[in-house]
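Below is one structure, written out as structure tokens; the observations come after it.
The values are calculated or read from the model by the stated rules, or taken from the named source; none is laboratory data. For clarity, every value in this text was computed on a predicted model and none was experimentally measured. Neighbour counts are summed over all protein chains in view; Cβ atoms, including those assigned to glycine, are modelled from backbone coordinates with ideal geometry.
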Amino acid sequence: MIALVTTFFYTRLISRVERFTIITGKGYRPKQIDLGRWRYPAFCLILLYLFLAILLPFFVLLYVSFLSYLQAPSVAAFAAFTLKNYRFLAQYGEVATALKNTLLMVLVTATTTVFLSFLVSLVVVRSKFWGRKLLDQLAFLPHAIPGIVMGIAFFWVFLKVDFLPVYGTIWAMSIGFTAGFLSYGTRSMNAAILQVHKDLEEAAYVSGARPWRTLWRVFMPLMMPTFVGVWIWVVLHAVRIAELPLMLYEGPQNQVLSILIWNMWDEGYVPAVAAIGTLLMLSLLLLTLAVRYIGFRRQLAAPPVA
Amino acid sequence: MIKVQNLHMYYQSEHSRVHAVRGIDLDIKQGQFFTLLGPSGCGKTTTLRSVAGLETPQQGEIFVGDVRVFSSTARKVVPPYERDIGMVFQSYAIWPHMNVFENVAFPLREMKRKLSQRELRAKVEQALALVHLDGLADRPAPFLSGGQQQRLALARALVKEPSVLLLDEPLSNLDAKLREETRFELRELVKRVGITTLYVTHDQLEALTMSDVVAVMNQGQIAQQGSPVEIYQSPQDRFVANFIGLTNFIEGRVKSSASKETSEGEVETASGNLRCVLSDGMKPGDAVIIVIRPEDIQVAGDFTPRRNLLKGKVDAVIFMGNSLECQVLVGAQRLRTKLHPSSAVQPGQIISLEFPPDRCRALRGL
């Protein structure tokens, strides 16, 4: 209910399109703010936050993954470090299946979410379609629904819908996730499309570019950072959220990593879970860095003005 | 080169239907620098965008070169990407994800005829040299100054060598000094290229200094069209006179009709009679408004012929650097005059003002 009310005001606010246009053909330049003597305190604060929110949990996970059994840090514990958890993962058949499933599910989910949110936002922001406001609200609605409730809802739908035999498979998760992430995706896309000034496309038209060429050479490249951003966001969330897959999966051949972690934790394989967690975090970190590097290479290459 | 006939454009605002362009006719000759001048909301930009194909009017015909690009009767609309035009936007609309070279190369790459790499490079470099941006080809577009972005937009519009150049207030985002320099540079450039130019501005100084022909627009219609000198010296109605430069208006009534040779006649005003240039067909008794520019009013000296003089009291003297603006109360009316900065006038002084008859124009009053 609260979400519905805020959604309403949000759509009211962004209905005046022009005021929010930011990427125009001129003066589009990142700005640096000089913090002066606040530089060092600000830096320390950020370091502290990074430490508490990211580094500390990661190091705990890393530490546990080398243990035979859970224990507090001590010289003896460090001396007894072992790689057997990692060896165990390599042999445990369900890990490979879960890894493959996760990869497939996450890539399909992220790509579909980016594609669908782009289409929805394009209609919502740019078209004169009478139902565009309703469409926007619908896309935002899943935001108001807790993941577990959403999971139950999809569980019932897939159980009853016969023509779509996805019940219990990773595709059920993919559909569920896509619907859920559409709210985030369309928010980002709405904002990004609003930021691309119409002049930039009109300039392409009068330069002789047909609409689809304009889309390809002007609009899409300007949207690229958003596509990449939403894609990574969805990948990161789809990998780690367990609620929805827990409701929707059926049988060990449809497990994804988040469920596997859940099940193994449940069965007491704590150090092994830590090992999976460590590997997962490292690979997601690498993915994020890689995609960011590709997506933002152009912006980074730009030298500052003399 | 550009022909617009009976153009009408309506659009739907939040509350009502706006008749933005009400029957515009333009005939712009090959190589002409033609300016649409008017206040914001007068329909000048809508007219320009209709020529570009970015707006679709409801009625009228538009020709670019020999091609009919729009016709309401024939239901023909040529899309912007098939019109032989180049355009510079008020915001410049430089693509931020491309460097300078790619921005200029874009129109060439989108042409039907594919150019060889060498041809393409040569044409881009030529266009960049034309606007003095050579050497910056590899610079990412967002890292240009405002003036450079404006010139880049111009190079992009010209690189394809279109038959028509459309400019939508291209100087309004520059600072005052740069704007002044660019005015002359821009005119010189388009004249050198020899391209037919349609220019839209609300700045009368730009219109007067750059154009071959100025069309002053008001409320979706052309109020007057002519050379800058005609527009400035012989405004045909009060709107044009008021919009272009500072002007004094004196109300009066025709006393005697124009003589055959000079078209000058006598007009009676509240403060005395003045000889003025009358419009055709003005009869004694007609209500008129006399229009005279501040710089045309002289302070009468001892040797000035004693005619067309009005006495007044100096009310305020404002030093403007290159001139003195002297406000004189003539009867109940305040007239603005522009005097040489060394003129010895003091507030409170009673002076005689001379109104050269050929500079006083009588417009039909209401």
How many residues are surrounded by 15 or more Cβ atoms within 10 Å (Cβ to Cβ) and over 18 Å from B:ILE28 (Cα atoms) if we restrict to segment B:186-210? 6
How about segment B:141-227: which helices (runs of 4 or more DSSP H) wholly inside it have at least 3 residues that are in contact (Cβ under 8 Å) with a residue 12 or more places away in the chain and basic (Lys, Arg)? B:176-193
Picking from A:ALA204, A:ALA209, which residue would you name as being facing chain B (nearest Cβ under 10 Å) and in a helix (DSSP H, G or I)? A:ALA204
Name every residue in segment B:302-319 that is over 17 Å from B:VAL291 (Cα atoms) and touching a residue at least 12 places away in the same chain (Cβ under 8 Å), in order of residue number. B:THR304, B:ARG307, B:LYS311, B:GLY312, B:LYS313, B:VAL314, B:ASP315, B:ALA316, B:VAL317, B:PHE319
Within 18 Å of the chain's Cα centre (by Cα) and farther than 30 Å from B:PHE106 by Cα: is that true of A:MET189 in this structure? no
Restricted to segment B:78-90, and to residues that are within 22 Å of B:GLY147 (Cα to Cα) and assigned to a strand (DSSP E or B), which residue is nearest to the other protein chains (Cβ to nearest Cβ)? B:MET87
Within segment A:74-90, can one find any residue that is charged (D, E, K, R), surrounded by 13 or more Cβ atoms within 10 Å (Cβ to Cβ) and touching a residue at least 24 places away in the same chain (Cβ under 8 Å)? no
Of everything in segment B:166-185 that's surrounded by fewer than 21 Cβ atoms within 10 Å (Cβ to Cβ) and within 28 Å of A:GLY208 (Cα to Cα), which residue is modelled with the highest pLDDT? B:GLU169
Just to be sure before I move on: is B:ARG75 farther than 25 Å from B:LEU186 by Cβ and either more than 28 Å from the chain's Cα centre (by Cα) or within 14 Å of chain A (Cβ to nearest Cβ) (or both) in the structure I sent? yes
From the set of residues in segment A:212-248 that are in contact with a strand residue (DSSP E or B) (Cβ under 9 Å, 6 or more places away or on another chain) and more than 8 Å from chain B (Cβ to nearest Cβ), which is farthest from B:LYS160 (Cα to Cα)? A:LEU248
Could you figure out which of (1) away from every other protein chain (no Cβ under 14 Å); (2) part of a helix (DSSP H, G or I) isn't true of A:GLY268? (2)
Condition check for B:VAL69: out of contact with any Ser or Thr (no Cβ under 7 Å at 6 or more places or on another chain), aliphatic (A, V, I, L, M) and not in a loop (DSSP other than H, G, I, E, B): yes
Which count do you get for residues in segment B:129-156 that are within 15 Å of B:VAL88 (Cα to Cα) and more than 8 Å from every other protein chain (Cβ to nearest Cβ)? 8
Of the conditions (1) under 30 Å from B:GLY281 (Cα atoms); (2) surrounded by fewer than 17 Cβ atoms within 10 Å (Cβ to Cβ); (3) more than 30 Å from the chain's Cα centre (by Cα), B:LEU353 clears all except one; give me its number. (2)
Among the numbered criteria (1) more than 13 Å from chain B (Cβ to nearest Cβ); (2) not in a helix (DSSP H, G or I), which single criterion is violated by A:PHE181? (2)
Failed criterion for B:ILE62 (all others in (1) free of Cβ contacts under 8 Å to residues at least 12 places away in the same chain; (2) assigned to a strand (DSSP E or B); (3) of a type outside the set (Asp, Glu) hold): (1)
With respect to B:ALA93, is the statement that it is facing chain A (nearest Cβ under 8 Å) and not in a helix (DSSP H, G or I) true? yes
Going by what's in this entry, would A:ALA110 be described as crowded, with 22+ Cβ neighbours inside 10 Å and part of a helix (DSSP H, G or I)? yes
May I ask you to verify whether B:ILE2 is away from chain A (no Cβ under 14 Å), crowded, with 22+ Cβ neighbours inside 10 Å, among the aliphatic types (A, V, I, L, M) and more than 25 Å from B:ILE244 (Cβ to Cβ)? no
Output the number of residues of segment B:330-350 satisfying the condition of being within 20 Å of B:VAL267 (Cα to Cα) and exposed (fewer than 14 other Cβ atoms within 10 Å of the Cβ). 2
Sole exception among (1) more than 18 Å from the chain's Cα centre (by Cα); (2) within 14 Å of chain B (Cβ to nearest Cβ); (3) without any contact (Cβ under 8 Å) to a residue 60 or more places away in the chain; (4) buried (at least 16 other Cβ atoms within 10 Å of the Cβ) for A:VAL166, by number: (2)
Does A:PHE140 satisfy the criteria of being assigned to a helix (DSSP H, G or I) and either buried (at least 19 other Cβ atoms within 10 Å of the Cβ) or of a type in the set (Asp, Glu) (or both)? yes
Residues in segment B:39-58 that are buried (at least 16 other Cβ atoms within 10 Å of the Cβ) and at negative phi total 13
Examine segment B:107-117 for a residue that is within 32 Å of the chain's Cα centre (by Cα) and either in a loop (DSSP other than H, G, I, E, B) or closer than 19 Å to B:GLY86 by Cβ (or both), and state whether such a residue exists. yes
